[in-house]
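Asks: Below you will find the structure I want to go over with you.
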Amino acid sequence: MKTYRADLHIHTLLSPCGDLSMTPANIVSEALRKKLDIIGITDHNSTRQAGLVGMLGAREGLFVLQGAEVSTREEVHCLVFFENSAELELFQEYLDDNIPAVMNDPLIFGDQVVIDEKEYIIYTEEKLLTNATNISIGELEKYVHARGGLFIPAHIDRVRTSIYSQLGFLPEDLNADALEVSKRSTPEKFSRIHPEIKAYPLITNSDSHYPESIGTVYNCLEMKELSFGEIKMALKGIDGRRIRKKC
(Lines give C-alpha, C1' and ligand atoms only; values in the text may rest on other atoms or scores of the structure.)
Protein backbone atom coordinates (compact mmCIF):
# COMPACT_ATOMS: atom_id res chain seq x y z
CA MET A 1 0.00 0.00 0.00
CA LYS A 2 1.03 3.61 -0.59
CA THR A 3 -0.30 6.82 0.94
CA TYR A 4 -1.55 9.53 -1.41
CA ARG A 5 -2.41 13.17 -0.65
CA ALA A 6 -5.84 14.21 -1.91
CA ASP A 7 -7.61 17.59 -2.00
CA LEU A 8 -11.04 16.83 -3.44
CA HIS A 9 -12.77 20.22 -3.52
CA ILE A 10 -11.28 22.72 -5.98
CA HIS A 11 -13.04 25.31 -8.16
CA THR A 12 -11.79 26.52 -11.53
CA LEU A 13 -12.39 29.91 -13.12
CA LEU A 14 -15.69 28.51 -14.43
CA SER A 15 -17.27 28.92 -10.99
CA PRO A 16 -18.42 32.53 -10.58
CA CYS A 17 -16.73 32.59 -7.18
CA GLY A 18 -13.52 31.12 -8.60
CA ASP A 19 -10.73 33.57 -9.31
CA LEU A 20 -9.73 33.98 -12.96
CA SER A 21 -6.27 32.76 -11.97
CA MET A 22 -7.82 29.30 -11.37
CA THR A 23 -6.94 28.09 -14.84
CA PRO A 24 -6.45 24.36 -15.42
CA ALA A 25 -2.70 24.84 -15.89
CA ASN A 26 -2.34 26.90 -12.69
CA ILE A 27 -4.38 24.39 -10.69
CA VAL A 28 -2.24 21.46 -11.83
CA SER A 29 0.99 23.40 -11.25
CA GLU A 30 -0.02 24.46 -7.74
CA ALA A 31 -1.26 20.98 -6.82
CA LEU A 32 2.09 19.50 -7.82
CA ARG A 33 3.96 22.22 -5.95
CA LYS A 34 1.96 21.29 -2.84
CA LYS A 35 2.90 17.62 -3.41
CA LEU A 36 -0.67 16.48 -3.94
CA ASP A 37 -1.30 13.20 -5.75
CA ILE A 38 -5.08 13.57 -6.25
CA ILE A 39 -7.34 16.58 -6.75
CA GLY A 40 -11.07 16.87 -7.27
CA ILE A 41 -12.51 19.47 -9.67
CA THR A 42 -15.86 20.65 -8.35
CA ASP A 43 -17.23 23.71 -10.10
CA HIS A 44 -20.70 24.82 -9.10
CA ASN A 45 -23.33 22.87 -11.08
CA SER A 46 -21.02 22.31 -14.03
CA THR A 47 -18.42 19.78 -15.21
CA ARG A 48 -17.36 21.66 -18.34
CA GLN A 49 -13.84 22.64 -17.22
CA ALA A 50 -12.99 19.37 -15.47
CA GLY A 51 -11.89 17.47 -18.58
CA LEU A 52 -9.02 19.81 -19.42
CA VAL A 53 -7.75 19.72 -15.84
CA GLY A 54 -7.87 15.93 -16.05
CA MET A 55 -5.91 15.89 -19.29
CA LEU A 56 -3.22 18.28 -18.02
CA GLY A 57 -3.01 16.44 -14.72
CA ALA A 58 -2.56 13.07 -16.41
CA ARG A 59 0.46 14.41 -18.31
CA GLU A 60 2.13 15.28 -15.00
CA GLY A 61 1.14 12.20 -13.01
CA LEU A 62 -1.57 14.04 -11.07
CA PHE A 63 -4.82 12.06 -10.70
CA VAL A 64 -7.88 14.27 -11.24
CA LEU A 65 -11.33 13.29 -10.00
CA GLN A 66 -13.81 15.01 -12.30
CA GLY A 67 -17.23 16.14 -11.12
CA ALA A 68 -19.11 19.10 -9.70
CA GLU A 69 -20.36 20.72 -6.53
CA VAL A 70 -24.11 20.43 -7.00
CA SER A 71 -26.57 22.66 -5.18
CA THR A 72 -29.66 20.55 -4.60
CA ARG A 73 -33.25 21.73 -4.52
CA GLU A 74 -32.85 22.12 -0.75
CA GLU A 75 -29.69 24.21 -1.34
CA VAL A 76 -27.46 21.50 0.09
CA HIS A 77 -24.06 21.46 -1.59
CA CYS A 78 -22.81 17.99 -2.57
CA LEU A 79 -19.61 16.87 -4.27
CA VAL A 80 -20.12 14.28 -7.00
CA PHE A 81 -17.52 12.51 -9.14
CA PHE A 82 -17.66 10.11 -12.07
CA GLU A 83 -15.09 7.66 -13.38
CA ASN A 84 -15.12 8.45 -17.08
CA SER A 85 -15.90 11.19 -19.59
CA ALA A 86 -19.01 9.45 -20.93
CA GLU A 87 -20.69 9.51 -17.52
CA LEU A 88 -19.50 13.08 -16.98
CA GLU A 89 -21.11 14.20 -20.24
CA LEU A 90 -24.39 12.52 -19.36
CA PHE A 91 -24.33 14.18 -15.96
CA GLN A 92 -23.71 17.57 -17.58
CA GLU A 93 -26.85 17.06 -19.67
CA TYR A 94 -28.73 16.19 -16.47
CA LEU A 95 -27.48 19.40 -14.84
CA ASP A 96 -28.35 21.52 -17.89
CA ASP A 97 -31.92 20.19 -17.76
CA ASN A 98 -32.25 21.05 -14.08
CA ILE A 99 -30.63 24.47 -13.64
CA PRO A 100 -33.18 27.30 -13.47
CA ALA A 101 -33.07 29.82 -16.31
CA VAL A 102 -31.77 32.65 -14.13
CA MET A 103 -29.08 34.53 -15.99
CA ASN A 104 -25.69 35.38 -14.53
CA ASP A 105 -24.62 39.00 -14.09
CA PRO A 106 -20.79 38.89 -14.24
CA LEU A 107 -20.51 42.32 -12.63
CA ILE A 108 -22.30 41.01 -9.54
CA PHE A 109 -21.46 37.30 -9.38
CA GLY A 110 -18.34 36.91 -11.51
CA ASP A 111 -17.43 35.42 -14.88
CA GLN A 112 -18.41 31.87 -15.83
CA VAL A 113 -16.07 30.86 -18.64
CA VAL A 114 -14.50 27.68 -19.99
CA ILE A 115 -11.05 27.91 -21.55
CA ASP A 116 -9.02 25.61 -23.78
CA GLU A 117 -5.41 24.51 -23.39
CA LYS A 118 -4.15 27.77 -24.91
CA GLU A 119 -6.37 29.63 -22.40
CA TYR A 120 -8.74 31.01 -25.01
CA ILE A 121 -12.36 31.31 -23.90
CA ILE A 122 -14.38 28.66 -25.73
CA TYR A 123 -17.64 28.84 -23.81
CA THR A 124 -19.49 31.24 -21.53
CA GLU A 125 -22.17 29.88 -19.23
CA GLU A 126 -25.16 32.23 -19.27
CA LYS A 127 -27.17 30.64 -16.45
CA LEU A 128 -26.10 31.52 -12.91
CA LEU A 129 -24.28 28.43 -11.68
CA THR A 130 -24.65 29.13 -7.97
CA ASN A 131 -28.43 28.74 -8.07
CA ALA A 132 -30.09 25.68 -6.56
CA THR A 133 -30.95 23.03 -9.12
CA ASN A 134 -34.31 21.27 -9.37
CA ILE A 135 -32.67 18.03 -8.15
CA SER A 136 -33.41 16.89 -4.60
CA ILE A 137 -30.59 15.47 -2.48
CA GLY A 138 -32.21 12.04 -2.65
CA GLU A 139 -32.56 12.19 -6.44
CA LEU A 140 -28.96 13.31 -6.78
CA GLU A 141 -27.64 10.47 -4.62
CA LYS A 142 -29.59 7.87 -6.56
CA TYR A 143 -28.47 9.25 -9.93
CA VAL A 144 -24.81 9.31 -8.93
CA HIS A 145 -24.74 5.83 -7.41
CA ALA A 146 -26.73 4.28 -10.27
CA ARG A 147 -23.84 5.35 -12.51
CA GLY A 148 -21.03 4.23 -10.25
CA GLY A 149 -20.11 7.69 -9.01
CA LEU A 150 -19.11 9.16 -5.67
CA PHE A 151 -21.57 11.21 -3.60
CA ILE A 152 -20.24 13.40 -0.76
CA PRO A 153 -22.29 16.09 1.05
CA ALA A 154 -20.00 19.12 1.25
CA HIS A 155 -18.83 21.25 4.19
CA ILE A 156 -21.43 19.82 6.57
CA ASP A 157 -20.30 22.14 9.37
CA ARG A 158 -21.14 25.37 7.54
CA VAL A 159 -24.01 27.59 8.64
CA ARG A 160 -25.43 27.72 5.12
CA THR A 161 -25.54 25.46 2.05
CA SER A 162 -24.79 22.42 4.20
CA ILE A 163 -26.93 19.41 5.04
CA TYR A 164 -27.27 20.56 8.65
CA SER A 165 -28.04 24.19 7.84
CA GLN A 166 -30.64 23.31 5.22
CA LEU A 167 -32.24 20.13 6.60
CA GLY A 168 -31.41 20.56 10.27
CA PHE A 169 -30.36 16.92 10.63
CA LEU A 170 -28.49 14.07 8.99
CA PRO A 171 -31.02 11.67 7.41
CA GLU A 172 -30.70 8.16 8.82
CA ASP A 173 -30.92 6.62 5.35
CA LEU A 174 -28.32 8.93 3.77
CA ASN A 175 -26.23 6.85 1.37
CA ALA A 176 -23.07 8.93 1.25
CA ASP A 177 -19.60 7.71 0.33
CA ALA A 178 -18.15 10.24 2.79
CA LEU A 179 -19.00 13.51 4.53
CA GLU A 180 -16.86 16.59 4.09
CA VAL A 181 -16.04 18.84 7.04
CA SER A 182 -14.68 22.24 5.97
CA LYS A 183 -11.17 23.42 6.79
CA ARG A 184 -12.72 25.86 9.27
CA SER A 185 -13.20 22.89 11.58
CA THR A 186 -11.99 19.29 11.77
CA PRO A 187 -13.82 15.95 11.68
CA GLU A 188 -12.81 15.41 15.32
CA LYS A 189 -14.24 18.75 16.49
CA PHE A 190 -17.47 18.53 14.54
CA SER A 191 -18.12 14.93 15.56
CA ARG A 192 -18.16 16.07 19.20
CA ILE A 193 -21.20 18.19 18.35
CA HIS A 194 -22.73 15.66 15.95
CA PRO A 195 -21.51 12.18 16.94
CA GLU A 196 -23.80 10.62 14.32
CA ILE A 197 -21.34 11.61 11.57
CA LYS A 198 -18.88 9.01 12.89
CA ALA A 199 -20.91 6.40 11.02
CA TYR A 200 -19.47 7.81 7.77
CA PRO A 201 -15.97 8.31 6.37
CA LEU A 202 -14.96 11.91 7.12
CA ILE A 203 -12.78 14.04 4.88
CA THR A 204 -11.55 17.65 4.79
CA ASN A 205 -10.71 19.62 1.66
CA SER A 206 -9.54 23.13 0.79
CA ASP A 207 -12.62 24.29 -1.18
CA SER A 208 -10.12 26.37 -3.13
CA HIS A 209 -11.13 29.40 -5.15
CA TYR A 210 -7.56 30.77 -5.40
CA PRO A 211 -4.37 28.91 -6.35
CA GLU A 212 -2.61 29.59 -3.06
CA SER A 213 -5.31 27.81 -1.05
CA ILE A 214 -4.97 24.51 -2.97
CA GLY A 215 -3.67 21.81 -0.66
CA THR A 216 -3.86 23.91 2.50
CA VAL A 217 -5.70 20.89 3.88
CA TYR A 218 -5.82 17.42 2.37
CA ASN A 219 -6.67 13.79 3.03
CA CYS A 220 -4.27 10.88 3.27
CA LEU A 221 -5.59 7.90 1.32
CA GLU A 222 -3.85 4.55 1.72
CA MET A 223 -4.30 2.55 -1.49
CA LYS A 224 -2.52 0.20 -3.89
CA GLU A 225 -2.55 2.63 -6.82
CA LEU A 226 -4.07 5.79 -8.24
CA SER A 227 -7.49 4.89 -9.63
CA PHE A 228 -11.14 5.77 -9.20
CA GLY A 229 -11.88 2.30 -7.84
CA GLU A 230 -9.07 2.48 -5.29
CA ILE A 231 -10.28 5.88 -4.06
CA LYS A 232 -13.74 4.38 -3.59
CA MET A 233 -12.26 1.52 -1.60
CA ALA A 234 -10.13 3.85 0.53
CA LEU A 235 -13.15 5.96 1.48
CA LYS A 236 -15.05 2.83 2.48
CA GLY A 237 -12.08 1.19 4.22
CA ILE A 238 -12.15 -1.95 2.06
CA ASP A 239 -9.36 -4.57 1.92
CA GLY A 240 -6.79 -2.53 3.79
CA ARG A 241 -7.46 0.70 1.93
CA ARG A 242 -8.29 3.53 4.30
CA ILE A 243 -8.21 7.21 5.18
CA ARG A 244 -5.15 7.86 7.35
CA LYS A 245 -4.95 10.73 9.83
CA LYS A 246 -1.48 11.71 8.66
CA CYS A 247 0.66 11.12 5.57
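Asks: Any residue that is of a type outside the set (Asp, Glu) and in contact with a Gly (Cβ under 8 Å, 6 or more places away or on another chain) - is there at least one of those in the stretch 114-128?
Replies: no
Asks: Right, something else. With the requirement that a residue be crowded, with 16+ Cβ neighbours inside 10 Å and under 22 Å from residue 231 (Cβ atoms), what does the stretch 164-176 give you?
Replies: 174, 176
Asks: Kindly indicate which of 212, 222, 196 is modelled with pLDDT of 95 or more and in contact with a Ser or Thr (Cβ under 6 Å, 6 or more places away or on another chain).
Replies: 222
Asks: Criterion first (acidic (Asp, Glu), within 19 Å of residue 39 (Cβ to Cβ) and part of a helix (DSSP H, G or I)) does residue 212 satisfy it?
Replies: Yes, satisfied.
Asks: Same structure again: If you go through the stretch 186-229, how many residues are more than 18 Å from the chain's Cα centre (by Cα) and not β-branched (Val, Ile, Thr)?
Replies: Qualifying residue count for the region: 14.
Asks: Among residues belonging to the stretch 11-24 that are closer than 15 Å to residue 214 by Cα and touching a helix residue (DSSP H, G or I) at 6+ places or on another chain (Cβ under 6 Å), point out the one that is surrounded by the most Cβ atoms within 10 Å (Cβ to Cβ).
Replies: Selected residue: 24.
Asks: For the stretch 198-229, how many residues are among the acidic types (Asp, Glu), under 26 Å from residue 25 (Cα atoms) and either surrounded by fewer than 20 Cβ atoms within 10 Å (Cβ to Cβ) or touching a Pro at 6+ places or on another chain (Cβ under 8 Å) (or both)?
Replies: 2
Asks: Among the candidates 143, 120, single out the residue that is of a type in the set (Ser, Thr, Tyr) and within 22 Å of residue 19 (Cβ to Cβ).
Replies: 120
Asks: Could you tell me which residue of the stretch 1-15 is farthest from residue 117 (Cα to Cα), considering only residues that are part of a strand (DSSP E or B) and of a type outside the set (Ser, Thr, Tyr)?
Replies: Ranking the candidates gives 2 first.
Yes/no per residue for (1) in contact (Cβ under 8 Å) with a residue 12 or more places away in the chain; (2) in contact with a Pro (Cβ under 9 Å, 6 or more places away or on another chain); (3) in a loop (DSSP other than H, G, I, E, B):
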{"site": "196", "(1), (2), (3)": "yes, no, no"}
{"site": "232", "(1), (2), (3)": "yes, no, no"}
{"site": "235", "(1), (2), (3)": "yes, yes, no"}
{"site": "238", "(1), (2), (3)": "no, no, yes"}
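Asks: Test each condition in (1) buried (at least 21 other Cβ atoms within 10 Å of the Cβ); (2) within 18 Å of residue 80 (Cα to Cα); (3) in contact (Cβ under 8 Å) with a residue 40 or more places away in the chain for residue 179 and report the one that comes out false.
Replies: (3)
The values are calculated or read from the model by the stated rules, or taken from the named source; none is laboratory data. In this text the structure is predicted, and so the values were computed from the model without any measurement. Methodologically, a virtual Cβ is constructed for each residue, glycine included, from the backbone with ideal geometry; neighbour enumeration extends over all protein chains shown.
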